[in-house]
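The structure appears below as structure tokens.
The values are calculated or read from the model by the stated rules, or taken from the named source; none is laboratory data. In this text the structure is predicted, and so the values were computed from the model without any measurement. Counting neighbours? That spans all protein chains shown, and the Cβs are built from the backbone with ideal geometry, glycine included. Accessible surface is based on the protein model in full, side chains and every heavy atom, while ligands, DNA and RNA are left aside. Shrake-Rupley method; radii C 1.70, N 1.55, O 1.52, S 1.80 Å.
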Protein chains: 2
Amino acid sequence: MIILNRTMNIFINPDRKNWKEILARPEINNADLRMQVASLLNEVRSGGDRKLIELTERFDGVKIPGIQISGEDINSSINFISPELIKSIGIARHNIEKYHAVNGKADSPIETSAGVSCWSRTLPVEKVGLYIPGGTAPLFSTVLMLGIPARIAGCNEIILCTPPGPDGSIHPSILYCAHILGIEKVFRVGGAQAIAAMAFGTETIPAVDKIFGPGNRFVMVAKQLVSLENVAIDMPAGPSEVAVIADDTADPAFVAADLIAQAEHGPDSQVLLVSTDPGLAEKIEVEIDLQLSVLPRREIAEKALNNSRMVVMEKRADIPDIINSYAPEHLIIMCRDYAGIGNQIKSAGSVFMGHFTPESAGDYASGTNHTLPTGGYASVRGGLELRDFQKRISFQEISQEGLQNLGPTIMCMAKEEKLSGHSFAVEVRLNKISGKQA
Amino acid sequence: MIILNRTMNIFINPDRKNWKEILARPEINNADLRMQVASLLNEVRSGGDRKLIELTERFDGVKIPGIQISGEDINSSINFISPELIKSIGIARHNIEKYHAVNGKADSPIETSAGVSCWSRTLPVEKVGLYIPGGTAPLFSTVLMLGIPARIAGCNEIILCTPPGPDGSIHPSILYCAHILGIEKVFRVGGAQAIAAMAFGTETIPAVDKIFGPGNRFVMVAKQLVSLENVAIDMPAGPSEVAVIADDTADPAFVAADLIAQAEHGPDSQVLLVSTDPGLAEKIEVEIDLQLSVLPRREIAEKALNNSRMVVMEKRADIPDIINSYAPEHLIIMCRDYAGIGNQIKSAGSVFMGHFTPESAGDYASGTNHTLPTGGYASVRGGLELRDFQKRISFQEISQEGLQNLGPTIMCMAKEEKLSGHSFAVEVRLNKISGKQA
């Protein structure tokens with residue numbers, strides 16, 4: 001394994017036994033944070049609205065007069081954003097709705113045995129809470145990504161929490177997206193205290209069944225802790241990641257732009273480039289330097305790129321394996337045979353196929369969801385989708401003949417498990433049926 | 001609210017404001033247990049197989065010579081169980097396969113905008129671990145309920161952990177079910193230490209991506225704790241529950257049998273009867289006494305029944321509401337209008353419709369899964385199903401024309417979120433396209 005260290009760490013044809021080390025993500029130890037967040041959750045649980053206002057002053061540095069955003073503020077948000085953005089949000093919404101709507105279908109009954117009919121019914125999670133992080137920019141796109149499937153699912157109550165800005169207000173693009181999706185309950189509370197409020201409820205904020213949305217480590221730990229009680233959460237969320245596979249057909253400027261786009265998310269962003277072509281690395285390095293020089297978030301991106309990894313693999317057949325071992329949140333395939341490689345991907349959150357499909361498309365407007373599994377969690381699930389806002393209840397109905405057919409099977413198995421009450425629940429019915437027939 | 005206290009606690013036409021109190025589940029405080037289990041998990045993480053054998057001796061009271069069950073023992077299990085049971089398992093397997101197989105369909109691509117094609121691919125979770133609890137009876141039915149969807153999904157590695165009996169062996173009915181499903185890796189380890197082994201891996205037991213299966217409080221807390229790291233789990237599992245809705249058409253003997261079947265699971269089983277008919281309560285009480293007198297697990301069932309609740313609601317329209325507030329794991333509807341009531345159910349794990357559909361059917365052999373949400377978790381999800389063993393990866397491919405169409409939308413939104421690198425990843429491609437065209 002030859003390691004070169006320029007902007008990115010470069011590994012040439014690494015041996016399979018070194019993959020684990022190369023692909024290792026930074027270890028996150030949240031044990032201490034968990035203690036700290038747990039006590040904050042308890043404060044909100046007992047202190048309610050008053051405590052939320054106090055914590056907002058402490059953490060967000062703003063004294064808010066009340067928690068809920070008025071309907072008037074939500075409705076008038078359209079006056080504060082540009083026509084171009086209104087149009088863009090409209091197109092993104094259309095695409096996201098179109099992609100997310102197809103997942104939910106009612107199943108028709110299945111007769112598993114004669115007289116035994118089983119079916120399932122898909123229903124919305126009734127009350128959902130959407131968390132939209134604050135920070136340097138208004139993440140209104142996340143309102144679309146969470147709110148649209150919630151709406152399609154038919155959730156009965158959709159509430160939204162987001163931290164207030166320095167003047168106590170919420171950015172109009174966030175309010176506008178809430179407005180067009182008919183989300184009426186918007187609260188200016190952020191951080192772990194917002195998660196606590198949605199989990200336990202306060203005088204103003206209703207408790208919900210399930211909490212969705214990204215956030216910093218405090219938010220993530222708070223979500224994990226409340227999920228140990230009675231509230232569900234969407235999925236764990238860690239630092240964002242992209243893997244790019246590039247061969248000699250890839251345009252170094254495209255690759256550089258995609259790596260930088262990932263890196264600008266934050267200094268802990270994870271970037272992995274797998275290339276078939278040793279020469280490509282150098283060209284991409286040059287392009288990265290060029291593009292970074294004009295990037296506003298240059299400092300953030302540079303930090304992330306310094307921790308990033310470039311792996312040269314001249315043995316093409318190994319490439320899907322190393323990607324599957326890593327299970328990246330995003331995967332961009334810029335190769336001649338991107339379709340063939342795509343077919344061999346077993347673990348990734350969302351895959352971007354070919355040279356003209358940047359990750360940014362899925363981040364905003366192509367239709368797929370941008371809430372995706374990080375930290376290797378793509379080995380067990382994909383991105384957020386309609387079914388995350390739904391539940392499927394199983395139903396069954398057995399006719400008298402059906403119970404006569406299947407009853408002996410049930411009784412035999414129940415007795416073997418020493419649950420004779422279970423067996424008798426069948427027997428008492430079979431007795432009645434045969435009594436009637438007798 | 002009139003409360004009568006006989007075997008069950010009886011509430012007559014309770015006011016809506018008292019529902020919460022009536023439906024309250026016992027509070028479970030696992031904070032102390034979590035500390036204890038966390039340290040055990042760490043012991044296994046560092047101690048591996050040696051530690052597993054030591055803990056098995058401590059907790060299961062048996063010194064096992066090795067952890068893995070031999071292929072010969074698995075294959076020969078058929079010789080130790082009755083032909084009747086073999087036949088019953090075969091029928092149950094057929095029904096469970098038939099019910100679970102229909103869920104997984106590949107989605108065809110959706111053109112969300114011109115030139116923007118999005119699709120998803122359903123793939124198995126590669127490595128899954130099934131936990132089968134020990135105790136007084138061999139829960140081989142759970143092997144079917146976990147193993148069948150894992151097989152249909154196409155999971156690459158399916159391992160099974162279950163505690164050894166006093167002689168160090170595993171019950172042949174468990175091994176037989178593993179055998180017919182082709183599960184070759186069976187380990188005689190139980191409790192929190194088994195969860196640790198499947199989460200972290202040992203010399204003998206491979207680490208898995210997702211852990212499934214019920215267990216006692218130690219197992220549940222261990223699953224929750226490992227799920228805070230990198231391993232996924234199926235769902236939280238608490239004491240089992242049934243709610244029964246019965247009107248004057250219900251046979252008191254059927255109702256009593258179903259309540260007792262639930263109660264025999266354990267002293268913490270939750271039983272709720274909602275009846276439209278004040279007279280029915282008395283008849284059911286009489287039947288319960290009669291049936292209990294011959295029940296082998298009478299003591300366990302009596303304890304659970306003493307904590308159970310019977311609610312009389314003469315206002316039929318309120319019945320679906322009180323059931324939805326409770327969100328029971330199992331719901332049996334024995335009413336004239338069971339179909340109408342079933343249509344109004346919004347939160348329940350699995351619903352059993354009509355007089356001849358006992359819960360036992362779904363527990364063993366009708367086809368639906370018996371791994372169901374407890375503790376009110378039915379408000380957010382249904383029972384285990386094929387998709388719990390799968391993940392859905394989103395894919396997208398954008399043509400040059402597609403990027404020309406959608407690019408400005410993406411760039412506008414990215415700039416509003418102050419992510420200019422995201423915008424440039426589109427711009428650099430649009431420049432190349434227009435350069436080519438110029």
Q. Assuming residue A:391 fulfils every condition listed in (1) more than 30 Å from residue B:328 (Cα to Cα); (2) open to solvent by less than 10 Å² (accessible area, probe 1.4 Å); (3) touching a Leu at 6+ places or on another chain (Cβ under 7 Å) apart from one, which condition is it?
A. (1)
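Does at least one position in segment B:418-432 carry a residue that is β-branched (Val, Ile, Thr) and not in a helix (DSSP H, G or I)? First the steps, then the outcome.
Taking segment B:418-432 and keeping what is β-branched (Val, Ile, Thr), we get B:426, B:428.
Now narrow it down to the ones that are not in a helix (DSSP H, G or I): none.
Checked segment B:418-432: no residue is β-branched (Val, Ile, Thr) and not in a helix (DSSP H, G or I).
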Q | Pick from segment A:281-293, criterion more than 11 Å from chain B (Cβ to nearest Cβ) and surrounded by fewer than 20 Cβ atoms within 10 Å (Cβ to Cβ), ranking: farthest from residue A:341 (Cα to Cα) | A | A:293
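Considering B:280, B:272, which residue is touching a Pro at 6+ places or on another chain (Cβ under 8 Å) and assigned to a helix (DSSP H, G or I)?
On the way: B:272 fails: assigned to a helix (DSSP H, G or I).
Among B:280, B:272, only B:280 is touching a Pro at 6+ places or on another chain (Cβ under 8 Å) and assigned to a helix (DSSP H, G or I).
For segment B:256-267, check the following and say yes or no: at least one residue is more than 24 Å from the chain's Cα centre (by Cα) and not aliphatic (A, V, I, L, M). So that I can check it myself, show each step before the final result.
First pass over segment B:256-267, keeping only residues more than 24 Å from the chain's Cα centre (by Cα): B:256.
Subset that is not aliphatic (A, V, I, L, M): none.
Within segment B:256-267, not a single residue is more than 24 Å from the chain's Cα centre (by Cα) and not aliphatic (A, V, I, L, M).
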Q: Would you check which residues across segment A:190-236 are in contact with a Pro (Cβ under 6 Å, 6 or more places away or on another chain) and among the hydroxyl-bearing types (Ser, Thr, Tyr) and list them?
A: none
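If only one of B:183, B:211, B:205 is β-branched (Val, Ile, Thr) and within 14 Å of chain A (Cβ to nearest Cβ), which one is it? Walk me through it before giving the result.
Values: B:183 fails: within 14 Å of chain A (Cβ to nearest Cβ); B:205 fails: within 14 Å of chain A (Cβ to nearest Cβ).
Result: B:211 is the single residue among B:183, B:211, B:205 that is β-branched (Val, Ile, Thr) and within 14 Å of chain A (Cβ to nearest Cβ).
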Q: Output the residue which, of all residues in segment A:108-117 that are part of a loop (DSSP other than H, G, I, E, B) and open to solvent by 40 Å² or more (accessible area, probe 1.4 Å), is modelled with the highest pLDDT.
A: A:114
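Would it be correct to say that residue B:108 is hydroxyl-bearing (Ser, Thr, Tyr), at the interface with chain A (Cβ under 10 Å from one of its Cβ atoms) and within 26 Å of the chain's Cα centre (by Cα)?
For residue B:108, the condition - hydroxyl-bearing (Ser, Thr, Tyr), at the interface with chain A (Cβ under 10 Å from one of its Cβ atoms) and within 26 Å of the chain's Cα centre (by Cα) - is not met.
Any chance segment B:332-344 includes a residue that's touching a strand residue (DSSP E or B) at 6+ places or on another chain (Cβ under 8 Å), open to solvent by less than 10 Å² (accessible area, probe 1.4 Å) and part of a loop (DSSP other than H, G, I, E, B)? Outline the logic, then answer.
Filtering segment B:332-344 down to residues touching a strand residue (DSSP E or B) at 6+ places or on another chain (Cβ under 8 Å) leaves B:332-335, B:338-339, B:341-342.
So of that shortlist, the ones also open to solvent by less than 10 Å² (accessible area, probe 1.4 Å) come out as B:332-335, B:342.
Of the ones still in play, those that are also part of a loop (DSSP other than H, G, I, E, B) are B:335.
Yes, segment B:332-344 contains a residue that is touching a strand residue (DSSP E or B) at 6+ places or on another chain (Cβ under 8 Å), open to solvent by less than 10 Å² (accessible area, probe 1.4 Å) and part of a loop (DSSP other than H, G, I, E, B).
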Q) Can you tell me which residues in segment B:382-422 are within 7 Å of another protein chain (Cβ to nearest Cβ) and under 12 Å from residue A:364 (Cα atoms)? A) B:406, B:409, B:410, B:412, B:413, B:414, B:416, B:417, B:419, B:422
Q: Could you grab me the full set of residues in segment A:345-364 that are crowded, with 24+ Cβ neighbours inside 10 Å and among the small types (Gly, Ala, Ser)?
A: A:347, A:348, A:349, A:350, A:360, A:361, A:362
Q. Taking segment A:365-379 as the region of interest, how many residues are facing chain B (nearest Cβ under 7 Å), in a loop (DSSP other than H, G, I, E, B) and open to solvent by 10 Å² or more (accessible area, probe 1.4 Å)?
A. 2
Q: Name every residue in segment B:395-418 that is open to solvent by 10 Å² or more (accessible area, probe 1.4 Å) and within 25 Å of residue A:172 (Cβ to Cβ), in order of residue number.
A: B:408, B:411, B:412, B:415, B:416, B:418
Q: Please determine, by comparing only the residues of segment A:289-324 that are in contact with an Asp or Glu (Cβ under 9 Å, 6 or more places away or on another chain) and part of a loop (DSSP other than H, G, I, E, B), which one is nearest to residue A:13 (Cα to Cα).
A: A:314
Q.
Any residue that is modelled with pLDDT under 90 and within 14 Å of another protein chain (Cβ to nearest Cβ) - is there at least one of those in segment B:138-150?
A. yes
